[in-house]
Amino acid sequence: MTMFNPVKYFRNRKIGVALGSGGSKGLAHISILEFLKTEGIPINMISGSSIGAVIGALFSIGSLEDYRDDILRMDWKELIRLVDPVLPRSGLIEGKKIRAFLTRYIPENAKIGDLPIPLSVVSTDYYTGKPVVFTNGNLLDALRASIAIPGVFTPVKFGTSLLIDGGVSNPLPVDVLERMGAGHTIAVNLHPSLPRRRFVSSVKKEMEKAKEADAKELLVQNQGDHNFGELKISIRQLTKFLEKRKKKKERDEKQEPNIFDIIAQSVDIMEYMNTLMILKVYKPDVVIEPDLIGMPTLDFTNAARALAEGREACRKVRGQIVRKIKIWI
């Protein structure tokens, strides 16, 4: 039997969720919102930066499930079709195709102020560096501004200014929830630790796979063969292979990152540092941190991993959610 708690009826019980920026890592937001719904946690308001704003909008409008099913089926061919390259003056991608893709789930004329669950979309003023928070106006226009990763997407004109990715100025908009009137806050931080150079880690993984495959092949060739001369040859083959792999590893580790590596890594470092400061000043009741450190920012073909990591992160903090949030519902 649940005991009557008179205190909670005199407290602000509105629950807000801040969804952080982080490119494809933000697909983890989907399973986190699904988890909160399953746990019976009412989401009274959402603030989002970049991908967090997109997922928050889809959740509020009621089309997140359709988006999730489609993104799970997405492959590189479909992802490439969403790229509309432009002459690289202020960005490499124009973003019109991304906006058109989102109209599958969001009506062209959808207004932020009309959403069933209040949403704040965070972008950044290119000239002042200050956050620009949309609570009214066309939803798709606001989302396009919020996801304008510097150097990747062209900025969005807004009056006399230009808008870029919300993660530049406010990668985890917990403070926005407070202004929206939240009594309890849950923050989803996609930058819990400093990212490493992705191209090195991916090279190492590929090398390990190749090493394992070649070693298996050598074992198969010599299985059941006890001839000393042939065994000597196979050992020589294995030694040659290991020397070759060592040289390849040295070459790969000296390799310079490409332009997308540089942009993504720079943005990740910036967002990580800004998030550290935000969490020191604005302390959410619960912070959920999926482990997606090795997931490339622009790779939306690995949604299954992001969703799984989101669920795992929720499992780890379920006790906190019960103690700090559920008790006040």
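A few remarks follow.
- Computed about its Cα centre, the charge dipole of segment 46-109 is approximately 240 debye, with only Lys, Arg, Asp and Glu carrying charge at their Cβ.
- Taking 0.36 nm per residue of separation and subtracting the current Cα-Cα distance, fully stretching the chain between residue 128 and residue 291 would add 55.4 nm.
- Sorted largest first by accessible area at a 1.4 angstrom probe radius, with every protein chain in place, the residues 76, 328 fall in the order 76, 328.
- Computed from backbone phi, the HN-Hα couplings of segment 281-286 come to 8, 9, 9, x, 5, 9 Hz, rounded to whole numbers (Karplus: 6.51 cos²θ - 1.76 cosθ + 1.60, θ = phi - 60°; Gly and Pro given as x).
- Taking a ≥ b ≥ c as the square roots of the eigenvalues of the Cα gyration tensor, an a/c ratio of 1.5 or more together with a/b no larger than b/c marks segment 89-128 as oblate.
- Förster radius 30 Å - calculated FRET efficiency between residue 194 and residue 259 (Cβ-Cβ, nearest 0.05): 0.90
- The stretch between residue 157 and residue 38 holds 38.9 nm of extra length on full extension. This uses 0.36 nm per residue minus the Cα-Cα distance.
- Alpha-carbon centroid distance for the pair segment 56-114 / segment 128-158, whole angstrom: 14 Å
- Taking N as its residue count, the alpha carbon Rg of segment 1-113 over 2.2 N^0.38 Å: 1.35
- Among 180, 277, 74, the order of accessible area from largest down is 277, 180, 74, computed with a 1.4 Å probe on protein heavy atoms.
- Working from label points 7 Å from Cα in the Cα-to-Cβ sense, the residue 76 to residue 298 distance is 1.4 nm.
- Calculated FRET efficiency, residue 308 to residue 135, Cβ-Cβ distance, R0 = 35 Å: about 0.60 to the nearest 0.05.
- Ranked from largest to smallest solvent-accessible area, with a 1.4 Å probe on the protein heavy atoms, 305, 81 come out as 81, 305.
The values are calculated or read from the model by the stated rules, or taken from the named source; none is laboratory data. Not measured: the values here are computed from a predicted model. All Cβ positions, even for glycine, are placed from backbone atoms using ideal geometry, and neighbour counts span all protein chains on display. The area values use the complete protein model at the heavy-atom level, side chains included, leaving out ligands, DNA and RNA. Shrake-Rupley method; radii C 1.70, N 1.55, O 1.52, S 1.80 Å.
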